[in-house]
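Asker: Structure provided below as structure tokens; questions to follow.
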């Protein structure tokens, strides 16, 4: 039923930050500029309002606005997969149905954070969301930030009972867990890495790609890793994997997307602004980010944010 979209939803799906102006309002012009840059750089898909997009710092209305603006900017050039999950069940239903109304390719729905629901409750939550729409659903499992791990058996039951649950983004360092997903859910189930150091290994076990925050900084290289792999150039894919490792490491020395936004400011791509309770990293870490970033990009040529 969803075979065509499953063929398209592969590769580097870039999770775009939500840029803010100095007054704290959303900078929609910069959002559009970032999306265009990503697509021109070879990103295979676009996502907004996921973890990297600071969704918990946005109002419900702002999340819809970001999805609407991003949808228009993407304009069908690549698949568009906004994050529609929330800690609140009714909000998740609302956002996911709104995404369907707008015509998105799929919705990325996170395991509810803070609540710590049981596996039984998670099953009921995701089944209700999936049954409320006809669009594909990609579940987002990130136990480090939700305090709850969606177990393989729960995911397998959901994939069996809900035909439109077609994949999962796994920000899970347990690689045994990740392997068992394809065993239990089927080899055609779309498995994405949400952990930068597992993007390449995930491809090796049959993953569909990754949703990597590092794409915000080096979209071309992150997309090239997937392109090299699918072209059979394993050596080049491995080289990119290790080339990206120092940047991956430094970008996660503070909570995402704080280091990302600092780096985007250094690149002149977006104002380095987050909404409280998030904030930029310490000056010491910002200096380290600049030092590492200079290994990849000539920061002296970067223009100030307009």
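Asker: What number goes with the only condition from (1) without any contact (Cβ under 8 Å) to a residue 12 or more places away in the chain; (2) in contact with a helix residue (DSSP H, G or I) (Cβ under 9 Å, 6 or more places away or on another chain); (3) farther than 20 Å from residue 18 by Cα that residue 284 does not pass?
Answerer: Result: residue 284 passes all but (2).
Asker: Right, another one. When you scan the range 134-149, do you find a residue that is farther than 22 Å from residue 179 by Cα, outside any strand (DSSP E or B) and out of contact with any strand residue (DSSP E or B) (no Cβ under 8 Å at 6 or more places or on another chain), even just one?
Answerer: Yes - at least one qualifying residue is present in the range 134-149.
Asker: May I ask you to verify whether residue 225 is more than 19 Å from residue 211 (Cβ to Cβ) and either touching a residue at least 12 places away in the same chain (Cβ under 8 Å) or more than 21 Å from the chain's Cα centre (by Cα) (or both)?
Answerer: Here the answer is no, as residue 225 does not meet what is asked.
Asker: Same structure again: Of the residues 176, 243, which single one is closer than 27 Å to residue 154 by Cα and assigned to a helix (DSSP H, G or I)?
Answerer: Being closer than 27 Å to residue 154 by Cα and assigned to a helix (DSSP H, G or I) holds for just one of 176, 243, which is 176.
Asker: Working only within the range 273-295, note down all residues that are over 24 Å from residue 32 (Cα atoms) and part of a loop (DSSP other than H, G, I, E, B).
Answerer: The answer is 277, 281, 282, 294, 295.
Asker: Yes or no: residue 234 modelled with pLDDT of 95 or more and surrounded by fewer than 20 Cβ atoms within 10 Å (Cβ to Cβ)?
Answerer: Yes: the conditions hold for residue 234.
Asker: Against the definition (within 27 Å of residue 277 (Cα to Cα), surrounded by 24 or more Cβ atoms within 10 Å (Cβ to Cβ) and in contact with a helix residue (DSSP H, G or I) (Cβ under 6 Å, 6 or more places away or on another chain)), how does residue 18 come out, yes or no?
Answerer: So residue 18 passes the test.
Asker: Something else: Which residues, counting only those in the range 186-201, are assigned to a loop (DSSP other than H, G, I, E, B) and crowded, with 22+ Cβ neighbours inside 10 Å?
Answerer: 194, 195
Asker: What is the residue count in the range 272-300 for residues that are in contact with a strand residue (DSSP E or B) (Cβ under 9 Å, 6 or more places away or on another chain) and buried (at least 18 other Cβ atoms within 10 Å of the Cβ)?
Answerer: 2
Asker: Could you say which residue among 263, 270 is in a loop (DSSP other than H, G, I, E, B) and touching a helix residue (DSSP H, G or I) at 6+ places or on another chain (Cβ under 6 Å)?
Answerer: None of the other options fit; the residue is 270.
Asker: Sticking with this one: Is it the case that residue 182 is closer than 15 Å to residue 139 by Cα, surrounded by fewer than 22 Cβ atoms within 10 Å (Cβ to Cβ) and touching a strand residue (DSSP E or B) at 6+ places or on another chain (Cβ under 9 Å)?
Answerer: yes
Asker: What are the pairs with Cβ atoms under 7 angstrom where one residue, in the range 142-164, is in contact (Cβ under 8 Å) with a residue 60 or more places away in the chain and the other, located anywhere, is in a helix (DSSP H, G or I) and surrounded by 15 or more Cβ atoms within 10 Å (Cβ to Cβ)? Sequence gap at least six, or different chains.
Answerer: Matching pairs, first to second residue: 142/51; 145/51; 164/130.
Asker: Please enumerate the residues belonging to the range 89-120 that are touching a residue at least 60 places away in the same chain (Cβ under 8 Å) and either more than 18 Å from residue 142 (Cβ to Cβ) or loosely packed, with under 15 Cβ neighbours inside 10 Å (or both).
Answerer: Of everything in the range 89-120, just one residue is touching a residue at least 60 places away in the same chain (Cβ under 8 Å) and either more than 18 Å from residue 142 (Cβ to Cβ) or loosely packed, with under 15 Cβ neighbours inside 10 Å (or both), namely 105.
Asker: Could you list, in sequence order, all residues of the range 202-237 that are part of a loop (DSSP other than H, G, I, E, B) and in contact with a strand residue (DSSP E or B) (Cβ under 6 Å, 6 or more places away or on another chain)?
Answerer: 207, 208, 211
Asker: For the range 253-270: of the residues being on the phi < 0 side of the Ramachandran plot and surrounded by fewer than 16 Cβ atoms within 10 Å (Cβ to Cβ), which is nearest to the chain's Cα centre (by Cα)?
Answerer: Going through the qualifying residues, I end up with 255.
The values are calculated or read from the model by the stated rules, or taken from the named source; none is laboratory data. A quick note: this is a predicted structure, and the numbers were derived from the prediction, not measured. Heads up, the Cβs are rebuilt from the backbone with ideal geometry, glycines too, and the neighbour counts pull from every protein chain shown.
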